[in-house]
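So the structure is just underneath, and the comments pick up after that.
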Amino acid sequence: MGLALAWTATLALAACESNPVVGATTSGSGNELAVSAATPSDANGTLANLQVSSDPNASTTEGPATHITITGTVDTVQQQVDVFILQGDNSIPHIEHIWGSDLANPEGHTVCDVSSSVGPPCPPSQVAASSTASGTLTFGGLQLGGDAGDGDLSTLTGSVEF
């Protein structure tokens, strides 16, 4: 779990160092995200109360990026998906999905990462962004793996506008 916490802390630090979230979209047409094949399974379902926010001034080790944060609930289970889209080529180097009754201490934590050091790579065939400024983020059965060898899994399907 140490590597996962370090990666999460790095993402949080990157988010804090960038400008505040400048765009927000609430639930509406075109915004739907479903979680399936999750372990722990309480994440499974279509997210309700879906909110999407973006920060175009984020950065990753790969370069300047737009940070998209998607939040919602399945029953009483809170969920958050963080996506980084590189501004140079619209590729997606990092995605993190957490869920539980308290997101500060999540019950489930899955990732994909371009370096494969904390999870499998994010395959372009399973996730794509139409742009980094504003557009649509599409998940086509994106399978995320546990970053701590604890068996956590999740699959994301749907699209959100940002």
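The values are calculated or read from the model by the stated rules, or taken from the named source; none is laboratory data. Computed from a predicted structure; not experimentally measured. Cβ coordinates were reconstructed from backbone atoms using ideal geometry, including for glycine residues, and neighbour counts include every protein chain displayed. Accessible surface areas use protein heavy atoms only, side chains included; no ligands, DNA or RNA. Shrake-Rupley method; radii C 1.70, N 1.55, O 1.52, S 1.80 Å.
Out of all the residues in segment 25-41, is one or more modelled with pLDDT of 95 or more, under 18 Å from residue 106 (Cβ atoms) and part of a helix (DSSP H, G or I)?
Yes, that holds for at least one residue.
Taking segment 52-101 on its own, how many of its residues are among the acidic types (Asp, Glu) and either open to solvent by less than 70 Å² (accessible area, probe 1.4 Å) or in a strand (DSSP E or B) (or both)?
Result for segment 52-101: 3.
With (1) in contact with a Phe, Trp or Tyr (Cβ under 7 Å, 6 or more places away or on another chain); (2) farther than 22 Å from residue 37 by Cα; (3) polar (S, T, N, Q) as the list, and residue 157 as the residue in question, which single condition is left unmet?
(2)
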